[in-house]
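I have placed the structure first, in the form of structure tokens, so that the comments after it can refer back to it.
The values are calculated or read from the model by the stated rules, or taken from the named source; none is laboratory data. Keep in mind the model is a prediction, meaning the values are calculated, not measured. Neighbour counts are summed over all protein chains in view; Cβ atoms, including those assigned to glycine, are modelled from backbone coordinates with ideal geometry. Side chains are part of the model used for accessible areas, which takes the heavy atoms of the whole protein and leaves out ligands, DNA and RNA. Shrake-Rupley method; radii C 1.70, N 1.55, O 1.52, S 1.80 Å.
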Amino acid sequence: MKRCFLFPGQGAQYPGMGKDLYDISAGVREVFETASEMSGLDMKSLIFEGTPEELAQTDKTQIAILTVNLAVLTLLGEKGIISQGCAGFSLGEFAALVDGGILTQAEALSLVFARGKAMQKASRNADGPEGPAGMAAVIGAEYDSLSAILQGVPEIFIANYNAPAQIVLSGTAKGLAKAEELCREKGIRRVIRLKVSGPFHSPLLSEAAEAFAVEVKKCDFRDPVKPVYSNVTGAAIRTGAEARELAVRQITSPVLWVKEEEAIRAAGFDQCLETGPGTVLAGLWKSVEKEIPCLPAGNAEQIGALSR
């Protein structure tokens, strides 16, 4: 069985995620302890007892989701379920860097905590008198056609290429309003504002990328021991030096998830596992791939079913 682990990103969080894993695995509890040490936060309290609003704050969301992604990875390993390749959506890519041997758990947790704080600060600096900067999903438009519609519009960017007919925009409040207007004029009716706290994966976060680059220089990025697919290029990362560069570029570059899925399918994997909370990535996978399954593996029951 040739498996590819897919690690979810921001938006997958919910209070109580990972508690069933924490209750049954000493290794998972060590992941939570390491995350608490790296961040100075009580991760058990934040994740199990925090409110949805608290968990939605970027500086807390990112470290919380990475903690649970790594907890899932740990329990899968304890059950003898390992990957032969991996990818992660946005923030989830840092769990893939761990799975691929590029970073240690402690290094990834430390970097992601710094990343979340930098992105939260830069997001608020992108707010304007019209309202907060953010993101919106456009359903029913192809990438090239949407790019043409938005060409020349200031303060709006394509941020995520999630599926052939699902694209996410990042922008200021003014930019998002203009994009919605242009989409309606072209007959694109489904433009959905997302409940996120910033204009992620866009040049509006260049300040965050600059701050994060300083932190990245402090870490040793090793060459991957298995294919780790990049959000920025869609292709497998070749070296630790490339992984270091892409980790910074990812903050301001679009997530080319469709291209990653194409590369994973072409590599001959038999199965994908959504290795973390939620089922968003499994849904995106099924929208383009019917033969190779993508199964949820984010809780103890799902992992138990895989190991039987």
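Note on the chain: Cα Rg divided by 2.2 N^0.38 Å, N the number of residues, gives 0.95.
Here the range 1-41 is scanned for amide nitrogen atoms under 16 Å from the site 7 Å beyond the Cα of ILE139 along Cα-to-Cβ, giving none. For the chain, adding -39500 (n - 2.57) for each run of n ≥ 4 DSSP H residues and dividing by the number of residues yields -14000 deg cm²/dmol at 222 nm. For helix 257-266, report the angle its Cα long axis makes with the longest principal axis of the Cα atoms of the chain; keep it between 0 and 90° and round to the nearest 10°. Compared with the principal axis, the helix lies near 50 degrees. Report, in degrees rounded to the nearest 10, the 0 to 90 angle that the Cα long axis of helix 240-249 makes with the longest principal axis of the chain. Rounded to the nearest ten degrees, it is 40. Candidate cross-link partners of LYS44 among the aspartates and glutamates, defined by an alpha-carbon separation under 19 Å and a same-chain spacing of 8 or more, comprise ASP20, ASP23, GLU30, GLU33, GLU53, GLU54, ASP59.
A Förster radius of 30 Å combined with the Cβ-Cβ distance from ALA235 to ASP270 puts the calculated FRET efficiency at roughly 0.90. Average accessible surface for the chain: 41 Å² per residue, computed with a 1.4 Å probe over protein heavy atoms with every protein chain in place. Taking every C-alpha pair closer than 8 Å and separated by at least 6 residues, the mean separation divided by the residue count of the chain gives a relative contact order of 24 percent. Assuming charge only on the beta carbon of Lys and Arg (+1) and of Asp and Glu (-1), the dipole of the chain about its Cα centre is about 380 debye to the nearest 20. Computed over protein heavy atoms with a 1.4 Å probe, the carbon and sulfur contribution to the accessible area of the range 15-87 reaches 48%. Given R0 = 45 Å, the distance between the Cβ atoms of ALA26 and ALA56 translates into a calculated FRET efficiency of 0.90. Dividing the convex hull volume of the alpha carbon atoms of the range 220-308 by its residue count gives 126 Å³ per residue. Each of ASP42 and ARG249 was given a label point 7 Å from its Cα along the Cα-to-Cβ line. The distance between the two points is 4.2 nm.
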